[in-house]
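Notes follow the structure.
The values are calculated or read from the model by the stated rules, or taken from the named source; none is laboratory data. Predicted, not measured: the structure shown is a model, and the values here were computed from it. Keep in mind that these areas ignore ligands, DNA and RNA; they rest on the heavy atoms of the full protein, side chains included. Shrake-Rupley method; radii C 1.70, N 1.55, O 1.52, S 1.80 Å.
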Amino acid sequence: QVQLVESGGGLVQAGGSLRLSCVASGTIFSIYAMYWYRQFPEKQRELVASMTTGGDTNYGDSVKGRFTISRDNAKNMVYLQMNSLKTEDTAPYYCAAVLSASHSASNRTYWGQGTQVTVSS
């Protein structure tokens with residue numbers, strides 16, 4: 001069984017910074033990529049940032065230049081450094097990972113429970 005647990009959310013003023021963390025634990029053979037998503041009310045989850053084990057990154061247009069994703073592959077962790085936060089960044093943020101649980105298993109996507117980020121004006 002695989003679990004993803006996020007931490008680091010909270011309340012911050014506009015212009016401030018937060019750092020989110022996510023750790024994947026359980027039966028993990030290999031991780032292909034890890035992701036951060038967020039979800040606004042009545043909308044689908046949107047990609048914030050992603051990073052493959054090889055180091056390739058991708059960012060949503062609204063966070064480019066402000067957010068930075070990083071990973072510690074040895075610890076199965078992913079981080080999201082969020083700078084210059086805006087009120088419109090307020091949302092629950094979810095960690096996800098595409099990974100295989102064994103040598104013979106196919107890749108599957110696993111999700112964390114989310115951590116709330118609230119940016120006040």
message: Using 10 Å bins from zero, what percent of all Cα-Cα pairs in the stretch 10-71 falls into each bin?
response: 17, 46, 30, 7
message: Quick check: Cα centre of the stretch 86-121 to Cα centre of the stretch 20-72, how many Å?
response: 7
- request: Show which lysines lie in cross-link reach of Lys43 when reach means a straight Cα distance below 21 angstrom and same-chain residues fewer than eight apart are skipped.
  value: Lys64, Lys86
statement: Residue by residue through the stretch 98-115, the couplings from Karplus 6.51 cos²θ - 1.76 cosθ + 1.60 with θ = phi - 60°, in Hz, x for Gly and Pro, are 9, 8, 10, 8, 7, 4, 9, 7, 7, 5, 9, 9, 10, 10, x, 7, x, 9
- request: Heavy atoms only, probe 1.4 Å: what % of the accessible area of the chain goes to carbon and sulfur, would you let me know?
  value: 46
